[in-house]
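Student: I am attaching a structure below and will ask some questions about it afterwards.
The values are calculated or read from the model by the stated rules, or taken from the named source; none is laboratory data. Quick caveat, the model's predicted, so the values are computed rather than measured. Neighbour counts are summed over all protein chains in view; Cβ atoms, including those assigned to glycine, are modelled from backbone coordinates with ideal geometry. Please note that ligands, DNA and RNA were not included when accessible areas were found on the heavy atoms of the full protein model with its side chains. Shrake-Rupley method; radii C 1.70, N 1.55, O 1.52, S 1.80 Å.
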Amino acid sequence: MNYSIYLYSLLTIFGFWLALQINKRWKSIIFNSFILTVVILVVILVMGKIPYDDYMQGNAPINHLLSLSIVALALPLYEQLRQIAKQWRIILSVVVLASVFSMFTGAILALILGATPDMVATVLPKSITTPIAMEVSAHLGGIPAVTAVGVVLAGLQGSIFGYLILKKIGLRHQEAIGLSVGSISHALGTVSCMEINPKAGSYSSISLVLCGIISAILAPLVFKMIYLFV
């Protein structure tokens, strides 16, 4: 077996490290570390004429950590237990409404555009963190790989524009901003909030975890309800 192919894992780590250095030097939402990492890796793969399949195979050690990250999501939830206990009614109301609204809007838009049931199932969990979204998609009969792309797109939009839009419309409470961004743009939005305001990032981490749990529970019900009225 050619173990040298796993050097691509080091390439991914290098791309992320370089993105972090750029982000630290030029503090801007546009220079999002995730976006920069993707751009850097795409440029390297294209210029080096590296087959994508080879890269993905060599990146397997990092890809396999994706499932373990589901367990790691329990950490921010544990760290914020006191805050959740104080405002649990408001937080729970926001994340439940955000989860249901996000699933319904994505699925209904897909239906309007003529999507088949498997594509609706693929799009439905777009606003929750990747490991959970892929599992939900697979359970509903969707295509997990395409779901991952949708999750990334939703995360990128929220991480770049979410905080700015909420500030522009006059939302001042960092708790509300964090809950809003985290419920729609999961980890990418949370990182963006954390870089701007720690309190917003803290509440965003609460939202992304709770929305992931709630969406995983409600997704089958939402999927059945959509086709019940279609």
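Student: Give the residue, chosen from Gly158, Gly162, Gly141, that is in contact (Cβ under 8 Å) with a residue 12 or more places away in the chain and closer than 17 Å to Ala219 by Cα.
Tutor: On the way: Gly158 fails: closer than 17 Å to Ala219 by Cα; Gly162 fails: closer than 17 Å to Ala219 by Cα.
That would be Gly141, the only listed residue that is in contact (Cβ under 8 Å) with a residue 12 or more places away in the chain and closer than 17 Å to Ala219 by Cα.
Student: Here's another thing I want to ask about it. I need the full set of residues from region 198-212 which are open to solvent by 40 Å² or more (accessible area, probe 1.4 Å) and in contact (Cβ under 8 Å) with a residue 24 or more places away in the chain, in order please.
Tutor: Taking region 198-212 as the starting set, the residues that turn out to be open to solvent by 40 Å² or more (accessible area, probe 1.4 Å) are 198-199.
Within region 198-212, Lys199 is the sole residue that qualifies.
Student: Scan (1) touching a Gly at 6+ places or on another chain (Cβ under 6 Å); (2) surrounded by 24 or more Cβ atoms within 10 Å (Cβ to Cβ) for the single condition Met194 breaks and write down its number.
Tutor: (2)
Yes/no matrix, rows are residues, columns are (1) surrounded by fewer than 22 Cβ atoms within 10 Å (Cβ to Cβ); (2) under 18 Å from Thr105 (Cβ atoms):
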| site | (1), (2) |
| --- | --- |
| Ile132 | no, no |
| Gly141 | yes, no |
| Ile160 | yes, no |
| Ile165 | yes, yes |
| Gly170 | yes, no |
| Ile184 | no, yes |
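Student: Can you confirm whether Leu111 is modelled with pLDDT of 75 or more, more than 30 Å from Asn197 (Cα to Cα), in a helix (DSSP H, G or I) and out of contact with any strand residue (DSSP E or B) (no Cβ under 9 Å at 6 or more places or on another chain)? Can you show your working first?
Tutor: Numbers: modelled with pLDDT of 75 or more: yes; more than 30 Å from Asn197 (Cα to Cα): yes; in a helix (DSSP H, G or I): yes; out of contact with any strand residue (DSSP E or B) (no Cβ under 9 Å at 6 or more places or on another chain): yes.
Taking the combined requirement at face value, the residue satisfies it.
Student: Moving to a separate point now. Take the residues of region 214-225 that are open to solvent by 10 Å² or more (accessible area, probe 1.4 Å) and touching a residue at least 24 places away in the same chain (Cβ under 8 Å): which is nearest to Gly106 (Cα to Cα)?
Tutor: The extreme case among them is Phe223.
Student: Next up: Which ones in region 37-93 are in contact with a Ser or Thr (Cβ under 9 Å, 6 or more places away or on another chain), at pLDDT 75 or above and open to solvent by less than 50 Å² (accessible area, probe 1.4 Å)?
Tutor: Thr37, Leu41, Tyr55, Gly58, Asn59, Ala60, Ile91
Student: I've got another one for you. Would you please name the residue that is modelled with the lowest pLDDT, looking only at residues in region 18-36 that are closer than 23 Å to Ile165 by Cα, hydrophobic (A, V, I, L, M, F, W, C) and open to solvent by less than 60 Å² (accessible area, probe 1.4 Å)?
Tutor: Ile29
Student: Of the numbered conditions (1) more than 30 Å from Ile177 (Cβ to Cβ); (2) in contact (Cβ under 8 Å) with a residue 40 or more places away in the chain; (3) open to solvent by 20 Å² or more (accessible area, probe 1.4 Å); (4) aliphatic (A, V, I, L, M), Ala121 fails exactly one; give the number of that condition.
Tutor: Among (1) more than 30 Å from Ile177 (Cβ to Cβ); (2) in contact (Cβ under 8 Å) with a residue 40 or more places away in the chain; (3) open to solvent by 20 Å² or more (accessible area, probe 1.4 Å); (4) aliphatic (A, V, I, L, M), the lone unmet condition for Ala121 is (3).
Student: Test Lys199 against the criterion of being assigned to a helix (DSSP H, G or I), of a type in the set (Lys, Arg) and within 19 Å of Gln83 (Cα to Cα), and give yes or no.
Tutor: Against the criterion (assigned to a helix (DSSP H, G or I), of a type in the set (Lys, Arg) and within 19 Å of Gln83 (Cα to Cα)), Lys199 qualifies.
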